[in-house]
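Heads up: the structure comes next, in structure tokens.
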Amino acid sequence: MLRIGLIGFGKAGRAVAEVLQEHADIHLAWIARRSPPRSGDPFPDLQQSCTSSDDYAQLFDSKPVDALIDFSSPDSIEAYGPPAAARSIAIVSANSAHTPEQLALAQTLGRQTRVLCSPNITLGINFLLIAAKSLKKIAPWVDIAIVEEHFRSKHEVSGTAKRLATALDIEESSITSLRLGGVVGHHEVVFGFPHQTVRLVHDSISRHAFGTGAVFALQRLLEQPAGFYQLEQLMLQHVLTQLAEDTIPA
Ligand SMILES: NC(=O)c1ccc[n+]([C@@H]2O[C@H](COP(=O)([O-])OP(=O)(O)OC[C@H]3O[C@@H](n4cnc5c(N)ncnc54)[C@H](OP(=O)(O)O)[C@@H]3O)[C@@H](O)[C@H]2O)c1
């Protein structure tokens, strides 16, 4: 049984906690957040208030875990990272906006334990990234555009769309953003060939997809030695290993 501590119990953390509870081989040992539990919140007995490294060190020693899944805020790794690494606790951080200094800290922690940082943790977006990069390798000259759709109140261009543009080496001006009602999240990469068009599409349905991605990330991470990893890299490695094991009929 894998013992997990979840850090962050906001919009994403709540959905992730539900996904973790569904896994028979995972034990959700505790949930850390900034503030004390509020009445009416789910999982009241699991919640702990943690803000400092001392808080986390005490928690790790009183309720040991094998791994952390972090959906809190980019700065929280500064508090839990050093005491977790000192105890060889694996870290999956899903926070989207680490500073260069926080990313450097995560890489340093990778000298002591397994660390994975993934600003886009859904299986679908990581698959889309790998598939899009593969097609670009096949046809480096193809025209590429990105369309992203989100709910009306999201003002900024999607970070995922920008990441796709960077990975495909195209300008951010190739991204078209549509803001429509309550769309949760839609990303589409369009490849324009002379005689055919290929579209890779991902639609987010619920935040529970973050939990599915976090569990996959953790499973792959635990197959690795100590180090710093990204989900796309571990997913690609997993796919290539699985494909190599497939026997091709003669
Ligand atoms: N990689 C992905 O695909 C992905 C997807 C979704 C979200 N995220 C990331 O997940 C994080 C949370 O997003 P959200 O939408 O759930 O935010 P949110 O609703 O504001 O929730 C944040 C939660 O984290 C807790 N928290 C914040 N700072 C903390 C700290 N220093 N130490 C301990 N707990 C802390 C808060 O505690 P209180 O409840 O006590 O205030 C709250 O429970 C963000 O960094 C976001 O970028 C990533």
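The values are calculated or read from the model by the stated rules, or taken from the named source; none is laboratory data. Nothing here was measured: the structure is a model prediction, and the numbers come from that model. Glycine also receives a Cβ, built like all others from the backbone with ideal geometry; neighbour counts cover every protein chain displayed. The area values use the complete protein model at the heavy-atom level, side chains included, leaving out ligands, DNA and RNA. Shrake-Rupley method; radii C 1.70, N 1.55, O 1.52, S 1.80 Å.
Quick notes on this one:
- Between the amide H of Tyr229 and those of Val115, Leu116, Cys117, distances stay under 5 Å, these residues lying 5 or more places away or on another chain, with hydrogens modeled in the peptide plane.
- Pairwise Cα distances in the chain exceed 24 Å in 51 percent of cases.
- Qualifying GluC sites (Glu not before Pro) in segment 83-172, where qualification requires a DSSP coil assignment and no more than 14 other C-beta atoms within 10 Å, comprise Glu156, Glu171.
- Residue with peak Gaussian network fluctuation, the chain [Cα springs, cutoff 10 Å], from Pro42, Pro100, Pro64: Pro100
- For the peptides 229-237, 72-80, residues were scored by their other Cβ atoms within 10 Å and the scores averaged per peptide; the highest-first order is 72-80, 229-237.
- If R0 is taken as 30 Å, the Cβ-Cβ distance between Gln233 and Thr51 corresponds to a FRET efficiency of 0.45.
- Given their separation in residues at 0.36 nm each and the Cα-Cα distance between them, Leu240 and Thr108 gain 44.7 nm when the chain is fully extended.
- Vicinal HN-Hα couplings computed from phi for segment 194-205 (Karplus, 6.51 cos²θ - 1.76 cosθ + 1.60; Hz; Gly/Pro x): x, 10, 7, 10, 10, 10, 10, 10, 10, 10, 7, 10
- Dipole magnitude for the chain: computed about the Cα centre from +1 point charges on Lys and Arg Cβ and -1 point charges on Asp and Glu Cβ, it is near 200 debye.
- Based on the Kirkwood approach, the hydrodynamic radius assigned to segment 119-228 is 15.1 Å, with every pair of different Cα atoms included.
- For Ile26, residues with placed amide H under 5 Å, excluding near neighbours: Leu2
- Charged neighbours of Ile26, selected by a Cβ distance under 13 Å, balance to -3 (K, R count +1; D, E count -1).
- Residues whose amide H comes within less than 5 Å of that of Gln47, counting only those at least five positions distant or on another chain, are Ile31 (H built at 1.01 Å from N in the peptide plane).
- The angle separating the long axis of helix 100-109 from the principal Cα axis of greatest extent in the chain is about 60 degrees.
- 3J(HN,Hα) from dihedral phi, segment 181-188, Karplus parametrisation 6.51/-1.76/1.60, rounded to Hz, x for glycine, proline: x, x, 4, 5, x, 10, 10, 9
- Calculated mean residue ellipticity at 222 nm for the chain: -12000 deg cm²/dmol, from DSSP H runs with n ≥ 4 weighted as -39500 (n - 2.57), summed, divided by the residue count and rounded to 500.
- Order of exposure, largest accessible area first, which applies to Arg14, Arg111 with probe 1.4 Å: Arg111, Arg14
- For the chain, relative contact order (Cα pairs under 8 Å, six or more residues apart, normalised by length) works out to 20 percent.
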